Structures are given as structure tokens and as C-alpha cells.
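Working notes, beginning with the structure itself.
The values are calculated or read from the model by the stated rules, or taken from the named source; none is laboratory data. Keep in mind it's a predicted model, so treat the numbers as computed, not measured. Every residue, glycine among them, receives a Cβ derived from its backbone with ideal geometry; neighbour counts consider all protein chains shown. For accessibility, only protein heavy atoms count, side chains too; no ligands or nucleic acids. Shrake-Rupley method; radii C 1.70, N 1.55, O 1.52, S 1.80 Å.
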Amino acid sequence: EDKVVQSPLSLVVHEGDTVTLNCSYEVTNFRSLLWYKQEKKAPTFLFMLTSSGIEKKSGRLSSILDKKELFSILNITATQTGDSAVYLCAVEAGANAGKSTFGDGTTLTVKP
Amino acid sequence: DAGVIQSPRHEVTEMGQEVTLRCKPISGHDYLFWYRQTMMRGLELLIYFNNNVPIDDSGMPEDRFSAKMPNASFSTLKIQPSEPRDSAVYFCASTRQISTEAFFGQGTRLTVV
């Protein structure tokens, strides 16, 4: 059974801090790893990673994948209160392309 | 495009009743996914379609759940009969190609009492 484990489960920081969220996985036939941000409603896409060592960056957010050690990290620098959300990691794997397993998420709270 | 549209947004029903959730994917997206999200189990993939054909339904919890996609612009998820443990937020998502970002609908919050 495919497994995706995120850590920490929750995190409280102050504005301006830098945070690192972790996602490790054990899957068969890895295809891609995706990060989503979920505020009150639907998850919204952040990054998709397929190759090791190539950093994806969008503003203050960045992410990288290590396919040898089977993990990914999501970094957020200079955090803002608007970054408060649940961050979900999903891994697509298996014989059927499209089958994703989600981690439980990391709940990030950024205090003013 | 208006994005993925789900209806209803909220549904409260009594145990034993039939529930039908609806989804309109983004036009031109070939893949449609149904997910369920609960506090206990997180976000789980139930079933997904490619070009209206079900590809993997291994996440469907039991025979009470069924999903259809009669055409490229419409899908339903049906629960019959519903039970209190089915209470969750049900998301529909679509993608243009496989292994690309999924666009999620706003979800249907189902409460079975």
C-alpha cells in the first residue's frame, strides 16, 4: 500500500519566519509529487515535482524532490499571515497513471 | 472558465436516503477525480475517469457508492443508502492531462444524520 507521510502535523510561527515542511513517501512506480495549499475550501495547486534535485520556485515558496531518499520539502520564507493553511503533499504512483495518495497535511499557522 | 463546479455545496440527509453529488469539470479536461475528505482519514481518492471511462475505482469504500460520467461535462457520485459515517466533504477535481495539477471544485459538505 502506498504511503505518504507529512511532518510536522502542525506548526505555529510568527510573521517573517522561514518554515520547512516535509513529505516522505513509500510508493510503487513513482510518477510525480504535488504540493497543494488548502485554506478554508478546495486545495489549490502549488508545485509538481518529477525530477530529483531541481528546485521549483514561486515567490517565497520553493520545493525540491529527492527520489533517492524518497522525500520532498516545501520551504516558505518570510512567512505572512496569509500563508496560514493546510499544506498537502500528494504522490502519484502505480500502474494506473492518475492514482494519487495524499498525506495528512501540515497545518501552518502564522501569527502576526 | 468557471472552474470545476460542484453541487450541492451542502447536503444534509437522513440515514438510509439516497444522495447524489454532481460535478462539472473544466471544459477540455480529460480526467475527472472524486475525493473524500474527513478529519480521520484525510483526502482519499475514490474513483477517477479518463475520457468518461472509469479507470480506477479501488478507493470506492463499498457497493453503496457508485459514480458515473455519462459525458465529458458531467459526473455524479451516488450513495445509496447513506450512513452517518459517509459524512465528509466530497471534492471533484479535473486535469487536462495525467500527472499534471488538479483543479478542485469547492466541494460538497455531506452530513448524514
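Here are the numbers for this structure:
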{"item": "Given chain A, longest segment not containing exposed loop trypsin sites (Lys or Arg not before Pro) (DSSP; at most 10 other Cβ within 10 Å)", "result": "A:69-112"}
{"item": "Estimated dipole of chain B in Debye, rounded to 20 [Cβ of Lys and Arg +1, of Asp and Glu -1, Cα centre]", "result": "240 debye"}
{"item": "Compactness index (Cα Rg / 2.2 N^0.38 Å), chain B", "result": "0.99"}
{"item": "Sites A:Ala95 and A:His14 - FRET efficiency at Förster radius 35 Å, r taken between beta-carbons, to 0.05", "result": "0.20"}
{"item": "Heavy-atom accessible surface of the protein assembly as shown: percent carbon and sulfur, 1.4 Å", "result": "49 percent"}
{"item": "Set A:Lys68/A:Lys111; A:Lys40/A:Lys99; A:Lys67/B:Lys78; A:Lys41/A:Lys111; A:Lys41/B:Lys78 screened for pairs whose C-alpha atoms are more than 31 Å apart", "result": "A:Lys68/A:Lys111; A:Lys67/B:Lys78"}
{"item": "Surface accessible to a 1.4 Å probe, A:His14 within the full protein complex, Å²", "result": "100 Å²"}
{"item": "Minimum 30 Å² accessible area buried by the other protein chains, region A:80-112 residues, probe 1.4 Å, relative to alone", "result": "A:Glu92, A:Asn96, A:Ala97, A:Gly98, A:Lys99, A:Ser100, A:Phe102"}
{"item": "Buried accessible area, chains B and A (both chains, 1.4 Å probe, Å² to nearest 100)", "result": "1600 Å²"}
{"item": "Accessible surface, per residue, of chain A when the full set of protein chains is kept, probe 1.4 Å, Å²", "result": "49 Å²"}
